[in-house]
1. In the set C:A128, C:A95, C:A145, which member is loosely packed, with under 15 Cβ neighbours inside 10 Å and of a type in the set (A, V, I, L, M)?
2. Which condition number does B:V176 fail, the rest of (1) part of a helix (DSSP H, G or I); (2) at pLDDT below 95; (3) over 21 Å from the mean Cα position of the chain (by Cα) being met?
3. Any residue at all in the range A:27-46 that's closer than 30 Å to A:I164 by Cα and either aromatic (F, W, Y) or away from every other protein chain (no Cβ under 13 Å) (or both)?
4. Restricting attention to the range A:204-243, and to residues there that are at pLDDT 90 or above and within 11 Å of A:Q147 (Cβ to Cβ), which single residue is surrounded by the most Cβ atoms within 10 Å (Cβ to Cβ)?
5. Does B:F254 satisfy the criteria of being assigned to a loop (DSSP other than H, G, I, E, B) and within 11 Å of chain A (Cβ to nearest Cβ)?
6. Kindly indicate whether any position in the range B:174-185 is in contact with a Phe, Trp or Tyr (Cβ under 7 Å, 6 or more places away or on another chain) and either in contact (Cβ under 8 Å) with a residue 40 or more places away in the chain or of a type in the set (S, T, Y) (or both).
7. Any residue at all in the range A:284-296 that is within 30 Å of A:I133 (Cβ to Cβ), surrounded by fewer than 24 Cβ atoms within 10 Å (Cβ to Cβ) and more than 10 Å from every other protein chain (Cβ to nearest Cβ)?
Amino acid sequence: MRSSIARAWEWLIESAIRLAGVLAIIFVLLIFAFLLRDALPTFAEQTPLSGLLGGHEWRPTSEPAQFGMLPLILGSLYVTVGALVIAVPLGLGCAIFVAEIAPPWMREILKPTVEVLAAIPSVVYGFLGLLMIGPWLADVFGLPIGQFAALGSLLLAFMAIPTIVSISEDALRNVPVALRDSSLALGATRWQTIVRVIVPAARSGLIAASLLGLARAIGETMTVLMVTGNAPVMPRALLGFLRPIRTMTATIAAEMGEAAHGSSHYHALFAIGLVLFVITFLINTVADVVVRRAGGVQT
Amino acid sequence: MMRVVSAQNTEKLAFAGLWLCAAIVILPVLGIIVVLAWRGASALSWDLIGGGPHSLLAPIVGTILLVALTGLIAAPLGVAAAVYLSEYSRGGTLVRLIRLAIVNLAGVPSVVYGLFGLALFVVLFQFGRSLLAGACTLALLVLPLVISTSEEALRQVPGSLRHASLALGASQWQTVRRVVLPNALPGIITGLILSIGRAAGETAPILFTAAFYSLTDPFPNSLLDPILVLPYQLFVMTTEVPNVAPATKWATAFVLLAIVLGMNLVAVILRARLRGSRRW
Amino acid sequence: MPDSQPENILRPPGEIKLETKDLDMYYGNFQALTNVSIAMPSRRITALIGPSGCGKSSFLRCLNRMNDVIEQARVDGQVLLDGRDIYSEDTDVVALRKRVGMVFQRPNPFPMSIYENVAYGPRLHTTARGAELDEIVERSLHAAALWDEVKDKLPQTATDLSGGQQQRLCIARVLAVEPEVVLMDEPCSALDPTATFRIEELMTELMENYTIVIVTHNMYQASRVSQYTGFFLMGEMIEYNHTEQIFENPADKRTDDYVRGRFG
């Protein structure tokens, strides 16, 4: 029998469940709020804003401290763009391979492999890059040091590929079979069908996949911290890829330990965190809208 | 005639390219596992597991404690949120916002979680650099994963069972508690294992919230003590501490990878066995 | 809209258990039921027939408010159980479903033991445990003509039973709750002829203690089993009368066409 105690208890539980439901929204707002709170002093001190975001010098420990974020922003940009240049074609290629032409046994190998790629901790990537791959590449290409931007791009690419592959594969599978069949029935080869019919039809899912891969790359910390060197300086054109650099994420990780709580340095690092949060928020929201417009590939 | 031949050649070339893509992705993974297994496993010795400086015992214990606590915090929150989304929500703007929030939480850079954990748990709540602060931070990091895997497990339970329960005069909550949750539980647990496997490998969120490096006092005495964990240990040994024997570093990397991949493997096996033994 | 309602809708004599008055039902903008007003008598079997998609299952689900579970469903009008409207503000839906039970088209036993399936309802609604609960389970399985077949395997998983046995288990599950009305939504459509026959026999036995409303697309079943039959067409109740009348001497031409198999 449902006594009033039982009913009250049930109401309590269901309220807790409803509260848990909105937790995600609460946490997003909380993160933004706390980042803003501790970043605000930087925005107040470093005026104008363009000085902060566009300043060429990041010297937090010199007297007077300088907090120009541009080298860091460019650092992230270099590493990320480099990563995408590798990851998008490879990831897309793998996705097309799995969705369209791979024999079943190959699929059974490739899918777990991609999952393993995603599961390898970033610190392990960094370790291998720092101890093995970086020095070897520096040897082969005659670089001054085994830590440079392109190395970060290479490793990041492999970390972003699983994201790109799985979402792209979903998008490709969602293309109606009828489209494929009509193209083949008109005498097109499978490759022509893929290029002219399937890929365009899956376009928005593929774009979303790349965007999410981008977000993954921008947000990566430990790997880039360990392999891209420790040089928060302005990268120089294409050569910058072969020289040490510093991303936004690596800066926070590297310097927070030394920034006294409540100091300008501390606030400046939070400011970087805020910028990162806003960037990834925008990318994720745009990707979500793109997917929704297309009618829903599950991310 | 010429055009047809050329189209077929293009296709052969293109398909060869695609096979190449697959190979380029597969080979490094194999390479990584082989290299780590070879250089790491051979460097393992009882010394390293047992006592001695740079022994792996403390970081292993620390990692286990950290991810266990993370799971304990994230599970009720995540499963409850999943129950809401699967059983109680009714479409509309609120649900869309919630899902957007989940997508965003999943995309926040791990170091930003570290900053948030620092500001909220370490400073505001005054946990200090501690196991507790680290677990709270990591719980937040894996929350989107717990929610999405739990929700999928709940949705696998057929609607006909819910209808049968409701038609017998059960309330919504009674139906969830007695019919839906028990049948979704294996899937939920699989998702939890995946989530804490993920947490085991994370470094950035615990850089300022939980992890430290100590040769003298490696084991925590309370929830509010900092801890040694494998990923941070590997990081510090590789980048900051001089004179660490390469063997030690390789062994640490190997053990970390083995634990993380091992947990993922357990989850995958569980999931496969679940599919086989579905009882409806 | 032609209002053939009063002429071809019989109000059965004797005690009326369930009655609908001007019942309309909508799924979003689509009107599934229009102006349905019929009275279902106590301890009798009322059959609802009609071509697929005509609304008879939707109607059945209004009688125990299972339509509440569907997001876009909306109901206008009244459904009276013993004279009281179940759609009024103060109705306890959970208690309603105890009084009005339902058996579904596809057997849907819980993935639990046979015992636990039948015990599910009593565990929720009564304080019976142990020996008392055992007795309820046994009684319900007897009433569903399933006891002899399962008495030695009560701990076994219910989903191991055959289709017909599963459906009788679902009936036992409903009976364990001690309802007054049992609604059956095409209960035999997923079963073979032998299993169907046994359930039809069961229905006739159950009639002594319960009011039964059954939806079926099998006219022969309706004519074998029920005392009153209602013919649905496109959401409207065209004709409602004693079963013999509907099948041998229907008043409406559409009914006549349907029961003679001129359209399905």
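The values are calculated or read from the model by the stated rules, or taken from the named source; none is laboratory data. Bear in mind that the values here come from a model prediction, so they are computed numbers and not experimental data. Every residue, glycine among them, receives a Cβ derived from its backbone with ideal geometry; neighbour counts consider all protein chains shown.
1. Working: C:A128 fails: loosely packed, with under 15 Cβ neighbours inside 10 Å; C:A145 fails: loosely packed, with under 15 Cβ neighbours inside 10 Å.
Answer to the selection: C:A95.
2. Looking at each condition in turn, B:V176 falls short on (2).
3. Start the filter on the range A:27-46 by keeping residues that are closer than 30 Å to A:I164 by Cα, which leaves A:27-32, A:35.
Checking which are either aromatic (F, W, Y) or away from every other protein chain (no Cβ under 13 Å) (or both) leaves us with A:27, A:32.
Checked the range A:27-46: at least one residue is closer than 30 Å to A:I164 by Cα and either aromatic (F, W, Y) or away from every other protein chain (no Cβ under 13 Å) (or both).
4. Across the range A:204-243, the extreme among qualifying residues is A:V224.
5. On the way: assigned to a loop (DSSP other than H, G, I, E, B): no; within 11 Å of chain A (Cβ to nearest Cβ): yes.
Judged against the criteria, B:F254 is not a match.
6. No, the range B:174-185 contains no residue that is in contact with a Phe, Trp or Tyr (Cβ under 7 Å, 6 or more places away or on another chain) and either in contact (Cβ under 8 Å) with a residue 40 or more places away in the chain or of a type in the set (S, T, Y) (or both).
7. no
The rows are residues; the columns are (1) surrounded by 22 or more Cβ atoms within 10 Å (Cβ to Cβ); (2) over 30 Å from A:L184 (Cβ atoms); (3) among the β-branched types (V, I, T); (4) more than 7 Å from chain B (Cβ to nearest Cβ).
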{"site": "A:S76", "(1), (2), (3), (4)": "yes, yes, no, yes"}
{"site": "A:G91", "(1), (2), (3), (4)": "yes, no, no, yes"}
{"site": "A:I96", "(1), (2), (3), (4)": "yes, no, yes, no"}
{"site": "A:R107", "(1), (2), (3), (4)": "no, no, no, yes"}
{"site": "A:F127", "(1), (2), (3), (4)": "yes, yes, no, no"}
{"site": "A:P135", "(1), (2), (3), (4)": "no, yes, no, yes"}
